[in-house]
Amino acid sequence: MKNWLESKLEISHGKNKPLLSMEGLRGVAVFLVFWVHYSSLMEPYLSGASVKISHFIHSLGHLGVDLFFVLSGYLIYGSVLDKKIFSSLSYAKRRIQRIYPTFLVVFIVYIVLSFIFPSESKLPSQTAEMMIYIIQNLLLLPGIFDVQPIITVAWSLSYEVFYYLLIPIVIFGLNLKSWTVGQRIYFWVIISVVGLVVWMLFGGPVRLLMFISGILLFEFYTKKQITLKKGGDLFLILALVIFGLRSIYNFSYLFSISAVFILFLLLCLCAFNTQSRTYRWLTFKPVRWLGNMSYSYYLIHGLTLKFCFLVIATIVPAGYSNGHLYFWLWAPLFVMTLFTSFALFLVIERPFSLQINRLSNASNKIMQRTAKASAD
């Protein structure tokens, strides 16, 4: 079983040197997102201190998406900046291939269920409005634009797509490749400060700044070869506590997001150091495997939890509450989300979105067999 799981959940990186701890960071990110939806659905059943604990965990769980943004910022910026020959067509094709196969399958499931369970549906009753609403969601507009997502978590995909479209324009429009590392770092720090000021004055999608944290991570780690050996666990805990405490104390969101911007940058600089303790636990296989199927998990876990709680509602009497329910129910429900996510990953994401990696694995095996036969 272990070997079979390893063959399915280990991802080939082709010619690129893998950052195994990044896979673990994705696992941490998606585990945090699980707690957001679990806490929301558990709330009607909670009482006593568990209510405050649930609110605390729900608040800090939102940082899972921000951690994803940091990692995307690092990867996409680096792939464009370091590409010797950049093809916008290949770039767009790869981004579409990575996002849409898994998204479309889950999206169709949501649409079908919307008709089967109209009380849970977000679809407008009028046909014309419904078609427009579905097209808006297919184009990944919810999030950046004021459109309610059919798949609750899909709002973040509009942020990802916006970043995918913007970063090549910025890099080539400003000819950032010709700048020194120091100049690029100063530029992105200034953009971050300006972004915070603009958000303070006018509002807007301030969490886009987390991509810049990933950009700075790329410059510091890849170009300046700066890492940290200690402090990674502390940086993660501090970020979680700061956001968790916002459920208790109504302190500045500006301070919170600024702190997380810096703390996640420092966390990753430590996580990427193979000598750090943070690297060691992030490269624990189950954590990495969760990270490798994190996109499938991200899209389907909410639906799985919703189904579980519909079943629970038929078993548990109306108005029932229990202060301990929150602490012992999460584990079996998390396991349930793992099953559905793994199935989606295995059937859709792996063969369709990771096709290049799969072919690379096949090529490597053929080469290994050929070399062995020659040696014999």
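The values are calculated or read from the model by the stated rules, or taken from the named source; none is laboratory data. Only a predicted model underlies this, so the values are computations on that prediction, with no experimental measurement involved. Cβ placement follows ideal geometry from the backbone for every residue including glycine, while neighbour counts extend to all protein chains displayed.
Taking segment 124-134, which residues are hydroxyl-bearing (S, T, Y) and surrounded by fewer than 16 Cβ atoms within 10 Å (Cβ to Cβ)? Give the derivation first.
Going through segment 124-134, the residues hydroxyl-bearing (S, T, Y) turn out to be 125, 127, 133.
Selection gives S125, T127.
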_Candidate set from segment 226-252 (those that are aromatic (F, W, Y) and over 21 Å from the mean Cα position of the chain (by Cα)); member that is modelled with the highest pLDDT_ = Y249
*asked:* For a quick check of your reading of the model, give me the residue pairs whose first member lies in segment 221-234 and is basic (K, R), whose second is modelled with pLDDT of 95 or more and not in a helix (DSSP H, G or I), with beta-carbon atoms closer than 6 Å and at least 6 apart or on different chains.
replied: K229/N273; K229/Q275; K229/S276
*Mind listing whichever residues of segment 115-157 are part of a loop (DSSP other than H, G, I, E, B), free of Cβ contacts under 8 Å to residues at least 12 places away in the same chain and more than 24 Å from L67 (Cα to Cα)?*
F117, S121, P124, S125, Q126
*Considering only segment 1-100, give the helices (runs of 4 or more DSSP H) lying wholly within it that have at least 3 residues that are surrounded by 13 or more Cβ atoms within 10 Å (Cβ to Cβ) and within 17 Å of the chain's Cα centre (by Cα).*
20-42, 49-61, 63-81
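Among A318, A331, A362, which is of a type in the set (A, V, I, L, M, F, W, C) and modelled with pLDDT of 95 or more? Let's see the steps before the verdict.
Numbers: A318 fails: modelled with pLDDT of 95 or more; A362 fails: modelled with pLDDT of 95 or more.
A331 is the lone residue from the list that is of a type in the set (A, V, I, L, M, F, W, C) and modelled with pLDDT of 95 or more.
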*Are any of the residues in segment 41-58 more than 27 Å from K306 (Cβ to Cβ) and in contact (Cβ under 8 Å) with a residue 24 or more places away in the chain?*
no
*Check off (1) free of Cβ contacts under 8 Å to residues at least 12 places away in the same chain; (2) part of a helix (DSSP H, G or I) for E160 and give me the number that stays unchecked.*
(1)
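Give the residue that is nearest to P44 (Cα to Cα), with candidates limited to residues of segment 313-332 that are out of contact with any Ser or Thr (no Cβ under 8 Å at 6 or more places or on another chain) and in contact (Cβ under 8 Å) with a residue 60 or more places away in the chain.
As a first pass, look at segment 313-332 and keep what is out of contact with any Ser or Thr (no Cβ under 8 Å at 6 or more places or on another chain): 313-320, 328-332.
When the remaining residues are screened for being in contact (Cβ under 8 Å) with a residue 60 or more places away in the chain, the result is 316, 320, 329-330.
Working: V316: 11, Y320: 8, L329: 14, W330: 15 Å.
Restricting to residues being out of contact with any Ser or Thr (no Cβ under 8 Å at 6 or more places or on another chain) and in contact (Cβ under 8 Å) with a residue 60 or more places away in the chain, the top hit is Y320.
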*Run down P351, P332 and say which single residue is part of a helix (DSSP H, G or I), surrounded by fewer than 13 Cβ atoms within 10 Å (Cβ to Cβ) and in contact with a Pro (Cβ under 9 Å, 6 or more places away or on another chain).*
P351
*Kindly establish whether Y253 is closer than 26 Å to P168 by Cα and of a type outside the set (K, R).*
no
_Qualifying residue in segment 181-203 (condition: under 27 Å from L282 (Cα atoms) and among the basic types (K, R))_ = no
_Quick check on S59: is it of a type outside the set (A, V, I, L, M), modelled with pLDDT under 95 and at negative phi?_
no
_From the options N137, N175, residue that is crowded, with 18+ Cβ neighbours inside 10 Å and over 30 Å from L254 (Cβ atoms)_ = N137
*Does any residue of segment 54-71 turn out to be closer than 20 Å to V170 by Cβ, touching a helix residue (DSSP H, G or I) at 6+ places or on another chain (Cβ under 8 Å) and among the aliphatic types (A, V, I, L, M)?*
yes
